C-alpha cells in the first residue's frame with residue numbers, strides 16, 4: 001500500500017474523488033498489521049473524523065481493493081479482513097478463539113496442485129492459512145484450566161473437612177459402614193449397653 005499522501009495522487013490519477021474522510025481512511029490503514037474489518041476501520045476513523053459514515057468506509061475500501069492497494073481476505077473469521085500489506089508475498093496465522101490474524105512470512109513456493117487434480121483450473125498462486133490459538137488465548141486457556149483444577153481441589157478438601165467436623169451427620173452407606181466397624185471392634189452404640197437397658201427397665205417399673 002502506498003503512503004497516505006501518495007494514495008491521494010493514485011486516486012486522482014484514476015479519476016476518483018479524494019475527500020478528508022478518505023484521506024483519514026488512508027491513514028488508518030497505512031501500517032496496520034491487525035487485518036481490520038470494515039467496522040474496525042470505521043471506528044478508528046470516526047475517532048478522527050466524527051462525520052464519517054460506514055458507507056464511505058465500505059466504498060473507499062472497495063476502491064482500494066480495486067486499485068490493488070489493499071487485499072480483501074476471507075479467512076473464515078466471519079467477516080472480510082483488509083490487509084494493506086500487498087507488497088510482500090506472505091501467508092497468515094488465524095486464531096480460532098478470538099479471530100486474531102497475523103502475517104506469516106515463509107516460503108511455500110514449492111506448494112503445487114498434484115498432477116491431474118487441477119480440474120481445469122489455472123492456478124496462479126497459493127495462500128496458506130494456519131489455524132490454532134494465539135499466544136494470548138493459549139495463556140488464558142491454561143489459566144482457566146488451572147483455576148478449574150484449584151476449584152475442584154478446594155471443593156474436595158471442604159467436603160472432607162465437613163465430614164471430619166464434630167457433629168457431622170453421616171447417612172447412607174457411610175452410616176452402614178460405621179455401624180459395621182463398631183460391631184467388628186466390639187464397640188457398643190449409645191443406648192444399647194447393659195446399663196442403658198437396666199435404666200430403661202427401672203423407669204418402666206416405676
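Could you check the range 90-108 and list, in sequence order, the residues that are in a loop (DSSP other than H, G, I, E, B), in contact (Cβ under 8 Å) with a residue 12 or more places away in the chain and farther than 13 Å from residue 34 by Cβ? Show your work before the answer.
Of the residues in the range 90-108, the ones in a loop (DSSP other than H, G, I, E, B) are 90, 96-100, 105-108.
Among the residues that remain, those that are also in contact (Cβ under 8 Å) with a residue 12 or more places away in the chain are: 90, 96-100, 105-106, 108.
Correct list: 90, 96, 97, 105, 106, 108.
Annotation: of all residues in the range 17-30 being in contact with a helix residue (DSSP H, G or I) (Cβ under 6 Å, 6 or more places away or on another chain) and within 18 Å of residue 53 (Cβ to Cβ), the one that is surrounded by the fewest Cβ atoms within 10 Å (Cβ to Cβ) is 18. Test residue 86 against the stated conditions and say whether it is touching a residue at least 60 places away in the same chain (Cβ under 8 Å), outside any helix (DSSP H, G or I) and closer than 23 Å to residue 16 by Cα. Answer is yes for this residue.
A short reminder: the numbers here are calculations on the coordinates, not readings from a lab. In this text the structure is predicted, and so the values were computed from the model without any measurement. Note that we place each Cβ from the backbone using ideal geometry, even for glycine, and neighbour counts take in every protein chain shown.
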